[in-house]
Amino acid sequence: MDLFDRFAGADSWHTRRLLEYAGALSEEKLDRPLNGTIAVFGWCEPDKNLREILERIVQTTEVWTAALTGGDPPKLEGGPAADRTPQALLARFNNADAEFNRFLSDVRNRGAWDDTFVDALCEPSETFTFGGMFAHVMTFNAYRRLTALDALRQLGANVEGVGCPMEYESSVAPWRTEEVGSGK
């Protein structure tokens with residue numbers, strides 16, 4: 001695995017796990033106000049509950065995928081409740097994440113991290129490098145994933161791990177079993 005595989009893989013793996021853990025919580029717990037919410041960006045309200053944090057992670061992937069591929073962006077506010085359940089968020093995430101990673105795997109394979117693209121979804125349109133956009137997504141998703149992990153624990157969910165990329169690597173690393181079997 002290279003660094004893209006590790007970061008993108010850990011982001012996807014941890015996000016799926018968070019959504020699966022959230023699926024075991026009641027609607028009341030998903031919507032219970034969190035203590036100490038932080039406004040990360042000046043252009044949007046802080047996430048007030050676990051559902052909003054998880055939805056923001058999914059929307060981030062959906063929006064950037066749409067920007068990269070020229071697709072339609074998701075509706076960011078006021079979507080139907082059925083689209084905001086942990087199960088629906090997981091399905092939405094899986095769809096967007098597959099396309100996001102397919103697109104950026106091609107960028108990686110071409111060594112095009114410094115190439116630019118125009119994000120026509122911004123008003124006004126903005127130009128970003130693929131590498132800068134990917135670093136942006138990983139940075140803010142990591143913050144949200146760790147916040148969601150803490151919220152899950154506070155809400156009584158039995159979660160494993162601490163959200164570290166090494167947990168992902170360990171879960172998919174074929175050399176781990178080879179090393180154990182060979183005595184290395």
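Values quoted throughout were computed directly from the atomic coordinates according to the rules given, and no laboratory measurement underlies them. Just so we're clear, the structure is a prediction, and the values are computed from it rather than from any experiment. Virtual Cβ from ideal backbone geometry, glycine too; neighbours counted across all protein chains shown.
Of note:
- In Å, descending, principal axis extents of the Cα set of segment 133-177: 35, 32, 9
- Long-range HN-HN contacts of residue 71 with modeled amide H, under 5 Å: none
- Kirkwood Rh, Cα atoms: Rg over Rh of the chain: 0.99
- Here the 3J(HN,Hα) profile of segment 142-150, calculated from phi with Karplus coefficients 6.51, -1.76 and 1.60 at θ = phi - 60°, is 4, 4, 5, 4, 5, 5, 5, 4, 5 Hz, Gly and Pro shown as x.
- Directionally averaged projected area (convex hull, Cα atoms, segment 51-143), nm²: 6.0 nm²
- Given 10 as the ceiling on other Cβ atoms within 10 Å, longest exposed-site-free region of the chain for chymotrypsin sites (Phe, Trp or Tyr not before Pro) in DSSP loops: 44-184
- Close amide H partners of residue 32, meaning residues 5 or more places away or on another chain with modelled amide H under 5 Å apart, are 50.
- Loop sites by DSSP among the GluC sites (Glu not before Pro) of the chain, restricted to those with at most 13 other Cβ atoms within 10 angstrom, leave 78-159 as the longest stretch without any of them.
- Less than 5 angstrom separates the built amide H of residue 119 from those of 126, 127, 128, all sequence-distant by 5 or more or on a different chain.
- Among 157, 168, 127 - extreme Cα towards positive end, dipole of the chain, charges at beta-carbon: 157
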